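> One structure is given below, represented as structure tokens, and several questions about it will come after.
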């Protein structure tokens, strides 16, 4: 997708300039005049061989024809087109429906791959707090810092996915200093930050309803869309399309369904989110389905991507997966924006196969967990060595130690009373006392930057901890 908006921009047809771009269509293989009886006969005769073909097509990534044709070749038995046809038929026969209905009528479906249980086990181990048992050396103040880090990083990355124009560093400074937003990008980030906190503190305890959908959406889009576009679903007259850049060309990547269909299906989505049928489906699977469902329905005039990702977190927190608050999954998705967009397109255009989107999303969750665990391991090792030094030479409390850790671990380190109080959930007075003590010990020094006072590590601190 275009670098301006990494997941595709929502437009009103009436506001687009010039001729609308073409709708993006997946490349299809030429399967005319193929001997399908021969294909299935060979499959029955040589099941082991073609089962391996199926496994290699499904894992480690669930691939479509555009990648399949390069990974596999024709041989004396089957052409690559015939092999693809066989794979698609087996996928179709082994799939089951998900509750997401397409506007033409059929439901999306998915294939439960052999890696699903392994991935869900990894997620459950993380959700069960294994990480914090392993890293119990981290102080409660540090865990609170990590939680705030996760929320802030998610707020920034989710906004950048939908076109917020700001650097990560600038966005963090704006949030830490509690400065009023100056433009739409900063409003998007602040709104995301507020929404994630509201989900964690309040909304996770509520059942989903139309009112709650509207409330979350209004919070996400405050000061970024017209008030008339909040507290309602989009209408046909809004003429919403989704478009983005694929390769060097601009395309329409999704034409959302009609308002009647949205109004009919949104209640199905609400029932699914509230577990009305009392059928157990793993919460991570359901959260990913909800994310996809919102993306497909595109129920609002704007902010659908941010809303879909917020609903993903809402469902997991509601189900007790509190450790997901530490995982800014959007930072991982942001590194693969084209894959994110194509996961939707493959699912919609290849036989309504939701597996593409699920496979993409679960892989990013696993990647986020692994990166976070590596980050924790690094911080635990750093903390051990630095704490030994600090205990030897200085008398500091846990919070002050964490500030020292931060200042010596960042590439361009600085801190403020506002950022320190935000990260540690303390008053400005307490934060100020921490800084004054560290200044007295010649570990930090202050410098005015505009109307703010920032604190930096002294040469003494850098020398002591190098």
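> Highest mean first, how do 415-421, 107-113 rank when packing is the count of other Cβ atoms within 10 Å averaged over residues? Please report the intermediate quantities before stating the final value.
On the way: 415-421: 21.3, 107-113: 19.3.
Sorting 415-421, 107-113 by mean packing, highest first, produces 415-421, 107-113.
> Note the angle between two axes, namely the Cα long axis of helix 355-393 and the longest principal axis of the Cα atoms of the chain, as a number of degrees from 0 to 90, rounded to the nearest 10.
20
> With viscosity set to 1.002 mPa s at 20 °C, what whole-number translational diffusion coefficient in µm²/s follows for region 394-465 from Stokes-Einstein and a Kirkwood radius over Cα pairs?
Details: Rh = 12.2 Å.
The Stokes-Einstein estimate is 176 µm²/s.
> Rounded to the nearest 500, what is the chain's calculated 222 nm mean residue ellipticity when only DSSP H runs of at least 4 contribute -39500 (n - 2.57) each, over all residues?
Details: 20 runs with 263 residues, N = 466.
About -18000 deg cm²/dmol.
> How do 82, 184, 348 line up, fewest other C-beta atoms within 10 Å first? Kindly include the intermediate steps, with their values, before the conclusion.
Numbers: 82 19, 184 15, 348 22.
Arranged by neighbour count, lowest to highest, 82, 184, 348 become 184, 82, 348.
> In percent, how large is the relative contact order of the chain, given Cα pairs closer than 8 Å and 6 or more residues apart?
On the way: 545 pairs, mean separation 98.0, N = 466.
Contact order relative to length: 21 percent.
> Okay, next question. Regarding region 54-109, what are the three Cα extents along the principal axes, ordered largest first, in Å?
40, 21, 19
> Next up: Which ordering of 23, 98, 39 is given by a fewest-first count of other beta-carbon atoms within 10 Å?
Working: 23 13, 98 22, 39 19.
Result, fewest neighbours first: 23, 39, 98.
> Just grab the label-to-label distance for residue 121 and residue 463, each label 7 Å out from Cα along the Cβ direction, in nm (one decimal).
According to this spin-label approximation, the distance is 5.4 nm.
> May I have the extent of the alpha carbons of region 259-415 along their three principal axes, as whole Å values ordered from largest to smallest?
Reported extents, whole Å, longest axis first: 69, 34, 28.
> Helix 304-318 versus the longest principal axis of the chain: what is the Cα-based angle in degrees, 0 to 90, to the nearest 10?
It works out to around 70 degrees.
> Follow-up. Once you keep just the Cα pairs under 8 angstrom separated by 6 or more residues, what percentage relative contact order results for region 54-136? Write out the running numbers ahead of the final one.
On the way: 40 pairs, mean separation 14.6, N = 83.
After rounding, I find 18 percent.
> Hey, another quick one. Roughly speaking, what is the stretch gain from residue 214 to residue 275, that is 0.36 nm per residue apart minus the C-alpha to C-alpha distance, in nm to one decimal? Provide the component values of the computation, followed by the final result.
Working: separation 61, 0.36 × 61 = 21.96 nm, distance 1.99 nm.
Length gained between residue 214 and residue 275: 20.0 nm.
> Given axes a ≥ b ≥ c from the Cα gyration tensor, I'd like to know whether region 140-353 is rounded (a/c under 1.5), prolate (a/b larger than b/c) or oblate. Present the calculation step by step, with values, prior to reporting the outcome.
Values: a/c = 1.43, a/b = 1.16, b/c = 1.23.
Since a/c stays below 1.5, the shape of region 140-353 is classed as rounded.
> When the convex hull of the C-alpha atoms of region 23-98 is computed, what volume per residue in Å³ does it have?
In region 23-98, the Cα hull volume divided by residue count equals 124 Å³.
> OK, next. Would you mind ranking 63, 90, 156 so that the residue whose beta carbon has the fewest other beta carbons within 10 Å leads the list? Walk me through the numbers on the way to the answer.
Working: 63 21, 90 18, 156 29.
Result, fewest neighbours first: 90, 63, 156.
> Between the helical axis of 283-297 and the dominant principal axis of the chain, each derived from Cα atoms, what acute angle in degrees is found, rounded to the nearest 10?
Long axis of 283-297 versus the principal axis of the chain: about 70 degrees.
None of the figures in this text is laboratory data; all of them are computed from the coordinates on show. Everything quoted here is computed from the prediction, not taken from an experiment. In this analysis, Cβ positions are derived from the backbone assuming ideal geometry, glycine residues included, and neighbour counts consider all displayed protein chains.
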